[in-house]
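Chemist: This is the structure, below, for whatever I ask next.
We did not get these values from a lab; they are worked out from the coordinates using the rules stated. All values reported here derive from a predicted model rather than from experimental measurement. Methodologically, a virtual Cβ is constructed for each residue, glycine included, from the backbone with ideal geometry; neighbour enumeration extends over all protein chains shown.
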Amino acid sequence: MTNLADAPPQAVSAPPRQRRSFRDLVLQTEINFRLFGMLVALAVILLVFHVWSGGTFLRPENMLSLAVQASGIAVISTGMVLVIVSRNIDLSVGSIVGIVAMTYAVLMTDVMPGLLGMAGDFPFRWLIALGLGMGLGLAVGALQGFIIAYIGVPSFIVTLGGLLSIRGAIWYFSRGAAVSGLDEDFQLIGGGAEGSIGGTATWVVAVLGSAAILALLYYNRRQRRRYGFPLRPIWAETLLASLGVLFVWGLAWVANRNFWPRGLAEAYARANNIPIPEGGLLIPAGLPYPVVIVIAVALLMTWIATRRRFGRYVYAYGGNPEAAELAGINTRWTIMKTFMLIGILCAIAGAIAAARLNGATLDIGVSYELYVIAAAVVGGTSFAGGIGTIPGAVLGAFVMQAIAYGLSYVGVNSPGQNVVAGIVLILAVGFDAWNRRRGT
Amino acid sequence: MSLNRRAAILPAALLIIAACGGPGATQAPTQGPTQAATDAPTTAPTGATADCTVAVSWNNFQQPRWAAHDQPGIKDTVEAAGGTYIDADADLSNEQQITDVDTLISRGADVLILLAQDTTAILPAVDTANQEGIPIIAYDRLIEDPEVLYITFDNVAVGRAEAEAILEAVPEGNYVLIKGDPGDPNASTFLPQGWDEAGLKAKVDAGEITILNMSGDNWPEDAGTYTAAWATETAQDNMETIIDRAVAEDNTIDAILAENDSTAIGVVAALEAKSYGFPPLSGQDGDPANLNNVALGKQYVDVWKNARELGKAAGAAALALCEGQDMASLTMEEGLVDPSVAPDSLTAQDFETPGGNTVKSFILKPTPITRENLDLVLEGGWVTKDQLCQGVDTASAEAPEACK
């Protein structure tokens with residue numbers, strides 16, 4: 001049963017039709033109750049901070065800052081879900097982020113203009129650096145994965161070693177100094193006014209997103225009918241479609257209510273001879289690139305986890321390793337691949353972190369492992385293996401960052417933030433344990 | 001592996017990580033380039049110092065400054081006088097450092113220079129040395145023992161220099177205070193004390209300056225935002241939040257007091273991400289990336305502690321102690337360290353420690369670096385011109401003199 005845990009369990013046992021309680025109605029929509037609960041929790045958290053801050057918190061700019069700050073953790077947490085689901089742990093993610101971020105910085109400021117003879121105007125230099133960094137992330141992940149899966153050293157030990165030794169290697173790599181001054185194209189990965197896709201592109205994303213939701217719901221219904229699976233009632237389908245479309249358009253609206261800062265907009269207007277209208281020039285910034293990256297990674301990883309053979313193997317192994325092995329799954333290769341995947345995700349998060357800083361410091365990525373594990377666990381991933389969803393982990397990352405950002409916004413300092421974050425972590429897992437014992 | 005056992009492992013993991021990240025993480029990273037010392041005195045060996053062995057116990061080499069600047073400062077001074085230099089690096093471990101001190105003593109140390117991992121955990125090693133009659137210099141970090149000679153930069157003066165520069169540039173308006181790790185006395189006590197000595201609190205009380213990021217009503221502990229482990233990314237997130245809030249409430253940020261360079265880098269990144277412009281910003285350490293920001297006009301002042309000079313002072317003091325000079329009347333030779341950083345009195349002064357001890361001390365002065373005096377860090381060989389002027393348009397009239 002556990003290997004189906006990321007699919008709505010209600011899909012397996014058709015809901016009884018005769019009872020009409022509210023719970024049944026919710027069950028008929030097949031909305032994942034836990035994910036829905038987290039969305040509600042997130043909304044409540046945001047509202048609490050809105051009131052606490054005297055009504056200035058819920059602004060598009062703030063929401064996008066929050067989302068950008070959560071992006072690195074959210075990206076890695078999608079991979080951490082698969083690692084934890086297959087009964088392993090990766091403590092080295094922060095160090096991998098650090099060494100890859102330092103790689104980008106050293107490549108672009110030192111190695112490329114020097115050794116490789118690629119000056120700052122070399123075409124797609126930033127993309128080459130990005131590729132090399134992701135290659136490094138993959139290689140580190142593959143090495144750790146190999147030692148874990150084929151040699152049989154516990155992942156806890158291997159990645160703890162990785163945490164220490166990779167962090168140490170960063171020092172030698174940068175000769176102990178902070179490195180700054182990345183390519184301007186690369187900096188866009190980090191967001192900010194210029195690092196956003198713009199108003200028009202955001203609306204296009206909204207149109208495509210809602211079309212995809214409708215198409216998926218339709219396809220899903222057709223497939224169910226074809227194979228004789230129970231169908232959702234039409235009212236539930238309509239509700240799901242409207243909620244999904246509403247969410248996508250709401251997101252686009254928030255992103256486009258976030259305008260360029262006045263100074264930047266005016267400089268842009270002067271440079272392009274655009275008259276500045278009364279009340280200032282309002283250029284919608286749209287979705288920041290880090291947020292676009294999170295959305296893309298979350299979709300891709302959800303597809304891998306739920307629709308690809310590899311993803312199903314991961315859940316099968318996590319649910320029952322012996323059974324998976326006996327069923328003929330190449331479990332070692334599967335495990336190694338989860339670490340390769342998380343290595344690449346760390347490289348993406350490293351790019352976001354380095355681009356945001358316009359450089360790399362020695363301590364970039366420090367304690368990411370704790371936040372990433374917390375995000376996955378708050379998102380419903382179980383250390384018992386076999387249970388955990390990717391959207392849950394992404395939401396978990398946003399919930400944790402919403403708390404950190406909100407407390408910081410109202411002026412609570414880091415010790416207070418840590419106290420609250422710790423309590424939330426325990427509450428979330430406690431809720432899961434209680435919920436599971438109650439038996440759904 | 002059973003499920004229960006695995007569930008039990010995570011908290012253990014977190015503890016281990018916390019333990020590993022602990023001591024090192026609470027120090028401000030102080031980065032510098034790796035260059036060999038070139039400006040050491042080259043006098044011939046003389047009498048008593050010729051057979052003097054000066055032993056140094058470093059708590060770590062993770063922070064680049066120790067190996068890059070402090071070590072050459074001490075080593076060259078000692079070796080130029082014909083003494084022998086030996087050292088050990090404790091890799092951020094209190095226990096290792098105590099073992100190191102024992103080893104250094106058995107290797108024949110006549111004087112010990114200790115960069116202590118912890119001001120009190122080092123005391124067993126200090127007792128051992130005291131019993132052997134070996135004088136101890138507490139280097140850069142205090143040791144709570146009445147017998148030591150304390151040689152350091154004045155951390156309160158660093159804070160004072162930061163605030164003096166910023167208050168002169170922005171005498172009134174809205175200030176943001178970015179502090180370091182809440183567990184580090186430099187962050188919570190000494191640097192804010194320096195800010196107040198420069199007149200920050202008086203101006204706040206007079207209503208000329210408003211602190212935008214107060215977390216409560218108490219001064220100074222609720223003034224400003226702490227940055228766990230002095231981490232740049234944390235400072236960046238915090239600063240973004242503060243900018244968001246200022247924009248939402250229609251406040252402008254006129255100046256930012258950041259306690260050190262790693263947090264100042266995060267502040268600059270946040271200002272850039274929000275396209276906010278660059279209000280006057282402080283920092284300390286003289287990291288190359290920050291000095292570059294000073295040259296670029298993104299950071300107003302960087303308070304520089306010339307570690308090479310600190311090393312020289314410690315090396316010379318060690319040699320004098322070796323000759324049997326009394327700690328109480330120890331006098332630093334005039335011109336040994338650069339006059340701009342030399343202590344007010346060249347004779348060792350009493351210093352009251354927070355732990356209630358009175359020790360002899362030499363307290364050196366920090367140097368505030370702004371775009372007007374960037375040549376100082378070039379002359380000292382602290383950074384190269386390439387590092388300092390990276391991205392500066394040297395043809396522009398606005399480029400700092402040092403880059404032209």
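Chemist: Evaluate the charge dipole of segment A:334-440 about its Cα centre and quote only its size in Debye, nearest 20, assuming +1 on the Cβ of each Lys and Arg and -1 on the Cβ of each Asp and Glu.
Modeler: 300
Chemist: Quick one: grab the alpha carbon gyration tensor of segment B:191-248, order the square roots of its eigenvalues as a ≥ b ≥ c, and give me rounded if a/c is under 1.5, else prolate or oblate depending on whether a/b is larger than b/c.
Modeler: oblate
Chemist: Still on this model: Quick one: B:D196, A:D185, B:D237, fewest Cβ neighbours within 10 Å first, how do they rank?
Modeler: With the fewest neighbours first, B:D196, A:D185, B:D237 line up as A:D185, B:D196, B:D237.
Chemist: Starting from the exponent 0.38 and prefactor 2.2 Å, build the expected Rg for segment B:331-388 from its residue count and divide its actual Cα Rg by it. Walk me through the numbers before you get to the answer.
Modeler: On the way: Rg = 15.6 Å, N = 58, 2.2 N^0.38 = 10.3 Å.
Here the Cα radius of gyration is 1.51 times the empirical estimate.
Chemist: At 0.36 nm per residue, minus the direct Cα-Cα distance, what do B:Q193 and B:T99 gain on full extension? Give it in nm, one decimal, please.
Modeler: 30.3 nm
Chemist: Which semi-axis lengths, in whole Å and largest first, follow from the square roots of five times the eigenvalues of the Cα gyration tensor of segment B:215-355?
Modeler: Whole-Å semi-axes of the equivalent ellipsoid: 40, 18, 12.
Chemist: With labels modelled as points extended 7 Å from the Cα through the Cβ direction, what inter-label distance (nm, one decimal) is found for A:L281 paired with A:V44?
Modeler: Those two pseudo-labels are separated by 4.5 nm.
Chemist: So what's segment B:261-302 giving for Cα Rg divided by 2.2 N^0.38 Å, two decimals?
Modeler: Details: Rg = 9.0 Å, N = 42, 2.2 N^0.38 = 9.1 Å.
So segment B:261-302 has a normalised radius of gyration of 0.99.
Chemist: In addition: Under unit Cβ charges (Lys, Arg +1; Asp, Glu -1), what dipole magnitude, rounded to 20 debye, does chain A have relative to its Cα centre?
Modeler: Roughly 1820 debye for chain A.
Chemist: Further, regarding this structure: How large is ³J(HN,Hα) for each residue in segment A:25-41, as worked out from phi by the Karplus curve 6.51 cos²θ - 1.76 cosθ + 1.60 (θ = phi - 60°), to whole Hz, x for Gly and Pro?
Modeler: Using θ = phi - 60°, the values come out as 4, 5, 4, 5, 6, 6, 5, 5, 4, 5, 4, 4, x, 5, 4, 4, 4 Hz.
Chemist: Over segment B:232-283, calculate the relative contact order: mean separation of alpha carbon pairs under 8 Å at least 6 apart, over the residue count, as a percent. If you can, show how the numbers build up before the last one.
Modeler: Values: 60 pairs, mean separation 25.1, N = 52.
Dividing the mean separation by the residue count of segment B:232-283 yields 48 percent.
Chemist: Moving to a separate point now. Going by the alpha-carbon gyration tensor, a ≥ b ≥ c the square roots of its eigenvalues, is segment A:180-256 rounded (a/c under 1.5) or, if a/c is not under 1.5, prolate (a/b greater than b/c) versus oblate? Working shown, then result.
Modeler: Values: a/c = 4.27, a/b = 2.61, b/c = 1.64.
Since a/c reaches 1.5 and a/b is larger than b/c, the shape of segment A:180-256 is classed as prolate.
Chemist: Let me ask another. Please report the equivalent ellipsoid semi-axes of segment A:136-280, computed as sqrt(5 x eigenvalue) of the Cα gyration tensor, largest first, in whole Å. Walk me through the numbers on the way to the answer.
Modeler: Working: eigenvalues 324, 278, 23 Å².
After scaling each eigenvalue by five and taking roots: 40, 37, 11 Å.
Chemist: Can you give the % of DSSP beta bridges in chain B that are antiparallel, to the nearest 5?
Modeler: The antiparallel fraction comes to roughly 20 percent.
Chemist: If you don't mind, there's one more thing I want to ask. Select from B:L321, B:A235, B:I151 the residue farthest towards the positive end of the dipole of chain B; place +1 on Cβ of Lys and Arg, -1 on Cβ of Asp and Glu, and compute about the Cα centre.
Modeler: With unit charges placed on the Cβ atoms, the residue in question is B:A235.
Chemist: Work out the length of the dipole vector of the protein assembly as shown about its Cα centre, built from +1 on the beta-carbon of each Lys and Arg and -1 on the beta-carbon of each Asp and Glu, and round it to the nearest 20 debye.
Modeler: I would put it at about 6960 debye.
Chemist: To continue, here is another question. Only Cα pairs within less than 10 Å get springs; with that Gaussian network setup on chain A, which residue of A:Y368, A:Y150, A:Y289 has the largest fluctuation?
Modeler: Between A:Y368, A:Y150, A:Y289, it is A:Y150 that shows the largest mean-square fluctuation.
Chemist: Let me ask something additional. Counting other beta carbons within 10 Å of each residue's own, what order do A:V410, A:V81, B:V111 fall into, fewest first?
Modeler: Going from sparsest to densest Cβ surroundings: A:V410, B:V111, A:V81.
Chemist: How much length is gained on full extension from A:L143 to A:L164, taking 0.36 nm per residue of separation minus their Cα-Cα distance?
Modeler: Computed gain between A:L143 and A:L164 is 6.0 nm.
Chemist: Quick check on chain A: helices-only [θ] at 222 nm, where DSSP H runs of length 4 and up contribute -39,500 (n - 2.57) each and the sum goes over total residues. Nearest 500, please. Walk me through the numbers on the way to the answer.
Modeler: Working: 17 runs with 293 residues, N = 440.
Only helices count here, giving -22500 deg cm²/dmol.
Chemist: Counting alpha carbon pairs within less than 8 Å and at least 6 residues apart, what relative contact order, in whole percent, applies to segment B:333-404?
Modeler: Relative CO of segment B:333-404 lands at 23 percent.
Chemist: Still on this structure, please answer the following. Could you point to the residue in B:A273, B:I369, B:P400 farthest towards the positive end of chain B's charge dipole, with +1 and -1 charges on the Cβ of Lys/Arg and Asp/Glu respectively?
Modeler: Value: B:A273.
Chemist: Restricting to DSSP loop positions (anything but H, G, I, E, B) with no more than 14 other Cβ atoms inside 10 Å of their own Cβ, which GluC sites (Glu not before Pro) remain in segment B:220-254?
Modeler: Working: sites: B:E221, B:E233, B:E240, B:E249; in loops: B:E221, B:E249.
Sites meeting the loop and neighbour criteria: B:E249.
Chemist: May I ask for the distance between the Cα centers of segment A:391-408 and segment A:199-253, given as a whole number of Å?
Modeler: Spelled out, the Cα-based centre of one part sits 25 Å from the other.
Chemist: For chain B, what does the relative contact order come out to in percent, with C-alpha contacts under 8 Å and a separation of six or more?
Modeler: Working: 821 pairs, mean separation 69.3, N = 404.
With pairs under 8 Å counted, the relative contact order is 17 percent.
Chemist: Would you kindly calculate the translational diffusion coefficient of segment A:220-327, applying Stokes-Einstein with the Kirkwood radius from alpha carbon pairs, for 37 °C and a viscosity of 0.692 mPa s, and quote it in µm² s⁻¹ without decimals?
Modeler: Diffusion coefficient, whole number: 174 µm²/s.
Chemist: Sticking with this one: Can you tell which of A:V97, A:I31, A:N256 lies farthest toward the positive end of the dipole of the protein assembly as shown, using +1 and -1 charges on the Cβ of basic and acidic side chains (Lys, Arg; Asp, Glu)?
Modeler: Towards the positive end, the residue furthest out is A:I31.
Chemist: Now for a separate question. Using Cα-only point scatterers and the Debye equation, what is log10 of I(q)/I(0) for chain B at each q in 0.13 Å⁻¹, rounded to two decimals?
Modeler: -1.11
Chemist: With all distinct Cα pairs included, what does the Kirkwood hydrodynamic radius of chain A come out to in Å, to one decimal, could you say?
Modeler: Working: mean 1/r = 0.0430 Å⁻¹.
Evaluated over chain A, this radius sits at 23.3 Å.
Chemist: Next question. How long are the semi-axes of the equivalent ellipsoid of segment A:274-426, taking √(5λ) for every eigenvalue λ of the Cα gyration tensor, in whole Å from largest down?
Modeler: Calculated on Cα positions only, the semi-axes equal 35, 21, 15 Å.
Chemist: Further question: Would you mind getting me the FRET efficiency between A:D110 and A:R436? Use the beta-carbon distance for r and R0 = 60 Å, nearest 0.05.
Modeler: Between A:D110 and A:R436 the formula returns 0.70.
Chemist: On to the next question. I want to verify a result. In a Gaussian network model of chain B, Cα cutoff 10 Å, which of these has the top mean-square fluctuation: B:S282, B:S106, B:S361?
Modeler: B:S106
Chemist: Sticking with this one: How big is the antiparallel share of DSSP beta bridges in segment B:160-303, given as a percent to the nearest 5?
Modeler: That works out to approximately 10 percent antiparallel.
Chemist: Still on this structure: How much of the pair distance distribution for segment B:219-265 lies past 14 Å, counting alpha-carbon pairs only, in percent?
Modeler: 54
Chemist: If you keep only loop residues by DSSP, which GluC sites (Glu not before Pro) in segment B:280-359 have at most 15 other Cβ atoms within 10 Å of their Cβ?
Modeler: Numbers: sites: B:E309, B:E323, B:E333, B:E334, B:E352; in loops: B:E323, B:E333, B:E334.
Listed in order of number, the matching sites are B:E323, B:E333, B:E334.
Chemist: Still on this structure: Among DSSP bridges having both ends in the protein assembly as shown, what percentage is antiparallel? Round to the nearest 5.
Modeler: The answer is about 30 percent antiparallel.
Chemist: Can you give the translational diffusion coefficient of the protein assembly as shown in µm²/s, computed by Stokes-Einstein from the Kirkwood radius over Cα pairs at 20 °C and 1.002 mPa s?
Modeler: Working: Rh = 29.0 Å.
For the chosen part, D equals 74 µm²/s.
Chemist: Once you sort the root eigenvalues of the Cα gyration tensor of segment A:53-169 as a ≥ b ≥ c, which label holds: rounded (a/c under 1.5), prolate (a/b larger than b/c) or oblate (the other case)? Present the calculation step by step, with values, prior to reporting the outcome.
Modeler: Values: a/c = 2.46, a/b = 1.05, b/c = 2.35.
Verdict is oblate for segment A:53-169.
Chemist: Determine the distance separating the Cα centre of segment B:206-260 from the Cα centre of segment B:138-163; give it in Å without decimals.
Modeler: Distance between centres, Cα-based: 27 Å.
Chemist: If neighbour count is taken as other Cβ atoms inside 10 Å, put A:I304, A:I390 in order from fewest to most.
Modeler: By the 10 Å Cβ count, ascending, the order reads A:I304, A:I390.
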